[in-house]
Each structure stands twice: as C-alpha cells, then as structure tokens.
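For reference, the structure discussed in these notes is given below.
The values are calculated or read from the model by the stated rules, or taken from the named source; none is laboratory data. The structure displayed is predicted, hence computed values, not measured ones. Glycine also receives a Cβ, built like all others from the backbone with ideal geometry; neighbour counts cover every protein chain displayed.
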Amino acid sequence: MSKYLFIIIAYTMLSFLVSQDEHAHHNHGHNHEIGMAIGIVPGHKGEENNLGLHLHYVKGLGEHNHFGLGLSLETILDEHQHNSISLLGLYHFDNGFTMSYAPGILFSEHEEDSETNFTQHFEFYYEFELDKFHIGPQFDIGIEEGDLHYMLGIHLGIDY
C-alpha cells in the first residue's frame, strides 16, 4: 500500500511542477549535459531501502535543445548486483521540468547466477538553474521482468 501512496504523491508533485507558470523560462542550452541522480530506492527485491545512482550524458538536439539523446547508467547499491546501461531520450520543458525514457539492458546477479534482461526507466526531474549547473528533485521508475522499483532523490547536472 505504501508503494502506491508514494507513487500518487510523486505524481501529484510532478503534475504541480508541470503546471507551473511559464514565466520560469530556463535559459541554459542543454547542448551537452552530464547529470547524475542519487536517491533512495525503497524495498527493492524485498530488501530494506537502498541507495540508487543514475549517471547520464545527453547531447541536445534542435535549435533550443529541448530534445536530447544520450546514454544512461543506473545502479542500485543493494545486496545483489543490479546495474543497467540504457539509451536515453529526454525532453526539457521551458518551465524547468524534464522527462526521459531509457530502454536498456539490466545486468543482475541472484544467488551467484548472472542474468541480463530488458529494462526501462522513466525519469522526471525539475531543475533550478545556477548558471551552467542545475539541481532539483528527481523521481525515477524502473521496470524489469517481474519487478518495478522507484527512486526519489536529487538531480545534479552541468551543461557545457
């Protein structure tokens, strides 16, 4: 039940951020972006809360670089090996909100057996600009064969 409550709260927060006034126009170009997110992954694979980490590089596309393509690495620092590499596509809204989709390959280990599976990640974050740097809240959803996990954390990035 707490998982569903968490998702509802996160969705409500993200809906609020998307509906924010368009006057909060963001100026940085997102031509090249290196970003990371660090946060808590509650109850993954029946374990207690764990630390999650996402890293990405994105190349902006188009005149204002609202769209971007890149690579993403994700790991959950838990008892099992849980690492993925993904292609990443994202869209930066003018109000500071960003959404991304990252299909990829999951490398995991369970009871000394290594597995590879298809994985998908959806990432939602809001950016507060500090010149070329940006920081803000991030919410991630990971979908794998027979599993769903999420992470609530902070996004840090630099544009160059």
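Values computed for the structure shown
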{"item": "Residue check for residue 81: closer than 15 Å to residue 58 by Cβ and in contact with a strand residue (DSSP E or B) (Cβ under 9 Å, 6 or more places away or on another chain)", "result": "no"}
{"item": "Answer residue from the stretch 118-150, given it is over 19 Å from residue 89 (Cα atoms) and aliphatic (A, V, I, L, M) and is farthest from the chain's Cα centre (by Cα) among those", "result": "130"}
{"item": "Any hit, the stretch 33-43, residues being surrounded by fewer than 16 Cβ atoms within 10 Å (Cβ to Cβ), in contact with a strand residue (DSSP E or B) (Cβ under 7 Å, 6 or more places away or on another chain), part of a loop (DSSP other than H, G, I, E, B) and at pLDDT below 85", "result": "no"}
{"item": "Enumeration of residues in the stretch 94-128 that are under 15 Å from residue 33 (Cα atoms) and either basic (Lys, Arg) or outside any strand (DSSP E or B) (or both)", "result": "96, 127"}
{"item": "Failed item in (1) part of a loop (DSSP other than H, G, I, E, B); (2) closer than 20 Å to residue 145 by Cα, with residue 74 passing the rest", "result": "(1)"}
{"item": "Leading residue by the ranking (farthest from residue 135 (Cα to Cα)) among those in the stretch 82-109 that are β-branched (Val, Ile, Thr) and surrounded by fewer than 17 Cβ atoms within 10 Å (Cβ to Cβ)", "result": "105"}
{"item": "So residue 68, is it touching a Lys or Arg at 6+ places or on another chain (Cβ under 8 Å), outside any helix (DSSP H, G or I), farther than 18 Å from residue 148 by Cβ and modelled with pLDDT of 60 or more", "result": "yes"}
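Residues are listed down the side, and each one gets a yes or a no for (1) touching a residue at least 24 places away in the same chain (Cβ under 8 Å); (2) under 13 Å from the mean Cα position of the chain (by Cα); (3) over 24 Å from residue 130 (Cα atoms):
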{"residue": "59", "(1), (2), (3)": "yes, no, no"}
{"residue": "64", "(1), (2), (3)": "yes, no, no"}
{"residue": "69", "(1), (2), (3)": "no, no, no"}
{"residue": "72", "(1), (2), (3)": "yes, yes, no"}
{"residue": "80", "(1), (2), (3)": "yes, no, yes"}
